[in-house]
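Each value in this text was obtained by applying a stated rule to the coordinates, not by laboratory testing. This structure is a prediction, so every number in the text was calculated from the model and none was measured. Cβ placement follows ideal geometry from the backbone for every residue including glycine, while neighbour counts extend to all protein chains displayed.
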Amino acid sequence: MNSKSFIRKVIYIVLIGALLIPLSLVSRPATIGAGADSAGQQGGKLAQLRESYGLSQTRVAEIDPTSETMKLLSLGLRGVAVNLLWLQAMEDKRVENYDQLESTLNALIKIQPNFVKVWEYQAHNLSYNISMEFDDFESRYHWVKKGIRFLTGGIGYNRKDHRITDNLGMFTGMKIGNADEKRQYRRLFRKDTEFHDELASFIEPDAYDTRQFGHDHWLMAWHWYDKSRALVEEMSAKPYISDLIFYMKQPAQKRNQVMALQQEFRSDEQIKQIWLSAREEWEQYGKRPLRNSQGVEVTLNGLAETNEKVQRLRDQLDELAPGARAEFVNEVRSKFTFSESDQLILDKPSDQRTDEENARARSLLSQISNASEEIDVRIFQRVEKTAPEKMTDARDLLNQLLLTRQQLFTIDRDQGTSNFVYWAFRNEAESQDQTIAAHQKLFDATELQRKSLFDDEYQLENGEKKILRRGAITVYLDAFAAWSKVFDDFGRLREGDLADTLVDKMVQFEDILKIAGTRWPMDFPLQTVIDERAKNGLEDDLPTTEELEEERSAREESSSSNQPSEGGDQHSGHDHAPSPQPEAPQPPETEGSGGQQPPADSNDKGDGGVR
Amino acid sequence: MVVENFENFFAWLPSALYVFGLLGVAGIVLGVFFGYLVAAFRHGPFEAFYVVAQVVGGFFPDVFGTSPRRVFAIAKLSVKEALRRKVVLVTFAVFAIALLFGGWFMNAGVDNPDRNYVNFVLWGTQLLILFMGMLISAFSLPDDIKNRTIYTVVTKPVRATEIVFGRILGFVGLGTVLLALMGLLSFLFVWRGLSHNHQLVGNQDLSAFSEIDPNTRQSLSGGRVSENAILEGRTNIASGHLHSVELIEDTRLPGAPEPENKENIVSSKVLPDGKTVYQRVIVNPASGHTHEVTLDKDSAGNVSRINLGPATGYFRARVPAYANSLVFFDSDGSPNQRGIDVGREWSYRGYVDGGNAIRPNSLAKAELVFDNITPDRFENPDLLILEMTLSVFRTYKGDIEKRVIGSLQFESVPADPNTEPVFRSEVSLFETEEYNVQTIPVPRKLTGKMINPDGTIQREGDFDLFKDFAKDGLHRLKMIIRCEDRNQYLGLARADVYFRATDDLYWWNFVKGYLGIWAQLLVVVSMGVALSTFLSAPVAVIGTIVLILVGFTTTFIRQLAQPDASGGGPIESFWRLITQKNMEVDLEPGLQRTLMEQADTLLVNLLNSLTYIAPDFRRMNFSSFLTYGYSVDSSRLGVALLISIGFCLGLTILGYFCLKTREIAK
């Protein structure tokens, strides 16, 4: 009995020993500097798998002692420790103990360093949720940086995962550049040399230093996305998002950068060059083959080409069953009854539709497209019945046609998702000299407004006005006139955020007019933009042509009843006068100050001196 | 620092004695009852009476006959035995290793590294010392019994009280020595870890500074500079942070005292109006500390070198003079204990609003009443330091570059408002610094009004904070805090605003923090010894762990045992879970519901009573005081020590009876 027990124990020990051998082989870590061709040096299967997935801790010399110690300290209860630390982190956040939260997260992440979602979630927590809890913008910026810093810690642990660098791109780009405090954040970032040095091991500060404009976070974001791109293209990292979105982000950063710069600085040649660069990158994006989750590969600028191909294939299919399409189209058309408004939308060219109209048109076209597919299938069926010898050709054509139609639909949808056409258009428009000049004028006007220099400063010489310095009102009008010309050439810019920015400026212009006691000019250069927006239901709080006309009529009535003499309306007569300079309307004169003479000391500078 | 429980030893003592008494009576009744049951099982019901009476009757002779000499002998023996087990050595070795490699976890560059360091050493010490205390106490007696070495003791004329108490004393004594060593090493670890020096970037003189643009008033980093700064420089990065260094113009009124630190004065000049302007170099705080500046000057009096000293501000033990009461008033002026709820998840702070467009002059305010505002409590009675940690809630962004503005006003609290005048200071505005401890100097001379009971002003001018404002018998002073920005809110709790009295000694505060751990050790060792008198060692360890867990989660368990808990008790909650009824849905009345509610009441009461078998360990944990740099007040310390001694006493008696009834001890 005893010997049996002894034998059993020996067997157990031998089995345990035997199992340890494969276990040690599987788990053996690689040694640093291991050659790729040496299986022994590459470590066991687990180490190789970690290596192939870009997880760290595969090599003895690369093991992070802090992380390993933390894992060891949890005594095999890593899951429990993680849960407790997550609960602690949530509690720290609830009781606003943010210092402690940071420490808890640092401990937590050491235990689960290869769980990318944890890095993403907690970095977002720091940069977005906690930063906004602070009243002071400097503290908020400080916590935005903490999130970015936290996220960079995940790169080393997840070397083949683009989600970390993607998020870094989003945090450095959007969090800093789209926040309410973006001006302050951008200012702080520009001067934050310590932070730039801290991240120098990832991105060289020179790479996002735009010289005269300083370090730019949008450009840094561009580099983070570039790292993501390199991970996927050069290191075969698994892409976690669709090509459309993945490749869209990088070129968008240059555009964002230049738009932010135009808000802060006077546009110049360098800004034009950035626009050109943004345009070039967007064009490259348009040419890039993008594969979606259904395996359909398209290029965004291939709409026309694909359309032509559809047309060509359809004609070829029609040749196999002459007259069938007309027959089926009539049949199908009878099923579709578009309302008058839908028909109007469909008749309108796509670049003249509003966003809502485009969405409606897309929905209607989708129905038609489905019907078209149905027709193609029915034509094939007709060929099958009437000319079975052509069936093979017909099937090939049908398959090609269906695939191309799908591509067409994908391009159309993806163009909408990425707003491809608008941005291509915008890039082109913005990189023109005339648009740069319009930006310059708008910037000058804003600066003059900031300095409260509203009116022109002039001198009377021989009865003629000699402008010494132009005021914000004049420069604004000049700028709006320049924008009007830009809109004439690039009509589509009337939509989107550029128009919104201009409307903001128009509102500021209106405020200045009110301060200066001046009426809104009847020949305002961008009046059509205001009218269109009002027609589309946007409430910009700016006077429409209709309102201006009503106001003028009321004023004329009032003045004719109060001042029957003919010369009574001389002060507001300028409202009707055509602009002497076609490219830049004359500034409206201050009410009651039209004939005012400058004081004797008219050489005085400043807004209050000469009018 | 968050303080939810303002301990007052003398206010606590009567209720504590009452609870202790109740626990004692309950313990006696239960002890006698179970003792009788066990005796009845062993000796029969009639014999059991005699056995119980004999054991109970033997208690008093044993207690009064306890010899300190024998107790110390047992204690000595316990120490030797514990040392032989090497548990203590291993504990110390683990702690030493943890300190050696602890720096890895300290995350240099966090906002307040001192908190991390102190937290780490306290947490580590607490964990290890309690674990060690539990092991040596729970294994000692069962192992002695198992190895029969106990016979060498019980065959001597030693009383059971002496065995139990001697062991507790021995283990606690050993733990105390170990704790002292750990405390000393921890102190050195914290001190060494936080010590660092900076140098200026560039030359080590004023040429390293750059001028501040008067238009933007922005620092080199694009942020704010001090209001009176004229030049700015920065230090190099050390310990993961840097400081901005400024040359400031410190203007003082005629007769005002000179700056305390004269080593950092670059120059001084007297203005025609009698004011003195000192140009001083200061280091702005970062990561919870600053550095003293000393200047070397050449023979012409020009600054030849700027020297930055070691870190100061880490090792502090602030003594806060908290308000005795905090009352909020809403925008109508009606008093309210909790203030406005702005919808934050954490309801620790109440809020006051700054009015809105409809009601621009909101009457909302927070009134704090301080007692004992006397000059002897403060280091510099001429300039009191008011510290605040206010919360801000914005309903709209407003001016992003400006922080929300609050105001302060002081008022006397006359004993009889109908006959005595009230002193009311002028309102002073301040910019809030949310989540930071904000320091506001309050001069002893406050400009304000002396207002008669009928509302007429008797006198305007400067009044003395101590002699005029806080002159009544209780030296009471009222402080009023308002929010001065429309549509914005200021939040505060009672512990958020305090006058900073003379600081405590840091090392002494450190000792007090460790006294808290010592109190926990005393309870754990007592538990271990008491349980090991009637349980085997592993069971005694598990029992002690359970008691420790109960002790650390007392608050949570009591929250669970709230009678009005949403969703009902455990059975009702389980029922709701399986029937997919959410917590707000009313259950249908009937027998089933009544039964569930009754069973829940019983279970909840049992759960609640469970919390009394172990002390609330959080009341003996002072780590947050040390972490945030506050002095542990004597009331709190007294409460902790008394709780631990009380439990030690009760557990000693329990251990005595259990040992007495065991065959071995007879």
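Structural remarks
- Net length gained if the chain between A:Lys514 and A:Gln294 were fully extended (0.36 nm per residue, minus Cα distance): 73.4 nm
- GluC sites (Glu not before Pro) within segment B:580-666: DSSP coil, no more than 15 neighbouring Cβ in 10 Å: B:Glu584
- Residues whose amide H comes within less than 5 Å of that of B:Val392, counting only those at least five positions distant or on another chain, are B:Gly491 (H built at 1.01 Å from N in the peptide plane).
- Coil-residue chymotrypsin sites (Phe, Trp or Tyr not before Pro) of segment A:405-490, DSSP, other Cβ within 10 Å capped at 16: none
- Take the Cβ atoms of B:Ile237 and B:Arg85, set R0 to 51 Å, and the FRET efficiency comes out at 0.60.
- Close amide-amide hydrogen proximity is noted between B:Glu434 and A:Asp135, A:Asp136, each under 5 Å apart and 5 or more residues distant or on a separate chain (H modeled in the peptide plane; Pro and chain starts excluded).
- Order of B:Arg148, A:Arg314 - criterion: other Cβ atoms within 10 Å of each residue's Cβ, fewest first: B:Arg148, A:Arg314
- Cut-off under 5 Å, modelled amide H: who pairs with B:Val201 long-range: B:Arg234, B:Thr235, B:Asn236
- Estimated FRET transfer efficiency when R0 is 41 angstrom, pair B:Ile97-A:Val14 (beta carbons, to 0.05): 0.65
- Residues A:Glu356 and B:Asn324, FRET efficiency given R0 of 45 Å [Cβ-Cβ distance, rounded to 0.05]: 0.10
- Loop-located trypsin sites (Lys or Arg not before Pro) in segment B:361-428 (DSSP state not H, G, I, E or B) with no more than 16 neighbouring Cβ atoms inside 10 Å: B:Lys397, B:Lys402.
- In sequence order, segment B:581-595 has phi-based couplings of 10, 6, 5, 8, 6, 6, 7, 5, x, x, 5, 4, 5, 4, 4 Hz under the Karplus curve 6.51 cos²θ - 1.76 cosθ + 1.60, θ = phi - 60°, and Gly or Pro positions carry x.
- Average Cα contact separation per residue, chain A, under 8 Å, 6 or more apart, as relative contact order %: 8 percent
- Shown in residue order for segment B:517-524 are the 3J(HN,Hα) couplings computed by the Karplus curve 6.51 cos²θ - 1.76 cosθ + 1.60 at θ = phi - 60°: 5, 4, 4, 5, 4, 4, 5, 5 Hz (x for Gly and Pro).
- Remark: segment A:89-98, residue by residue, has Karplus-estimated 3J(HN,Hα) of 4, 5, 5, 4, 5, 4, 8, 6, 9, 6 Hz, where x stands for each Gly or Pro and the curve is 6.51 cos²θ - 1.76 cosθ + 1.60 at θ = phi - 60°.
- Label-reachable residues, segment A:236-265, where backbone N falls under 20 Å from a point 7 Å from A:Arg413's Cα toward its Cβ: A:240-249
- Fewest-first sequence of A:Phe6, B:Phe370 by Cβ atoms within 10 Å of each Cβ: A:Phe6, B:Phe370
- At full extension, B:Leu181 and B:Ser635 could sit 160.8 nm farther apart than now, given 0.36 nm per residue minus the alpha carbon distance.
- Cα-Cα pairs of segment A:276-318 separated by more than 11 Å (percent): 70 percent
- Estimated inter-spin distance, A:Leu84 and A:Tyr240, nm [label 7 Å along Cα→Cβ]: 2.8 nm
- Helix B:87-102 and the long axis of chain B differ in direction by around 20°, with both axes built from C-alpha atoms.
- Under the simplified labelling scheme, the B:Lys275-A:Asp504 pair shows an inter-label distance of 3.9 nm, with each label point 7 Å from Cα along Cα→Cβ.
- Value of [θ]222 nm, deg cm²/dmol, for chain A, DSSP H segments ≥ 4, -39500 (n - 2.57) each, nearest 500: -20000 deg cm²/dmol
- What the pair-distance distribution of chain B shows, using all Cα-Cα distances binned every 10 Å from zero, is 3, 11, 18, 20, 18, 14, 9, 5, 2, 0, 0 percent.
- log₁₀ of I(q)/I(0) at q = 0.10, 0.12, 0.14, 0.15 Å⁻¹ - segment B:319-501, Debye sum with one point per alpha carbon: -0.39, -0.57, -0.77, -0.89
- Computed over segment B:319-501: relative contact order in percent, which uses C-alpha pairs under 8 Å that are six or more apart: 34 percent
- The Rg/Rh ratio for the protein assembly as shown, using Cα coordinates for both the radius of gyration and the Kirkwood hydrodynamic radius, is 1.04.
- Values of log10 I(q)/I(0), in the order q = 0.08, 0.18 Å⁻¹, for segment A:114-288 under a Debye, Cα-only, solvent-free model: -0.23, -1.21
- DSSP loop GluC sites (Glu not before Pro) with at most 14 other Cβ within 10 Å excluded, longest remaining stretch of chain A: A:1-538
- When each of B:Trp508, A:Trp218, B:Trp518 is scored by the number of other beta-carbon atoms lying within 10 Å, the sequence from fewest to most is B:Trp508, B:Trp518, A:Trp218.
- Chain B, helix-only ellipticity at 222 nm - DSSP H runs n ≥ 4, -39,500 (n - 2.57), divided by all residues, nearest 500: -14500 deg cm²/dmol
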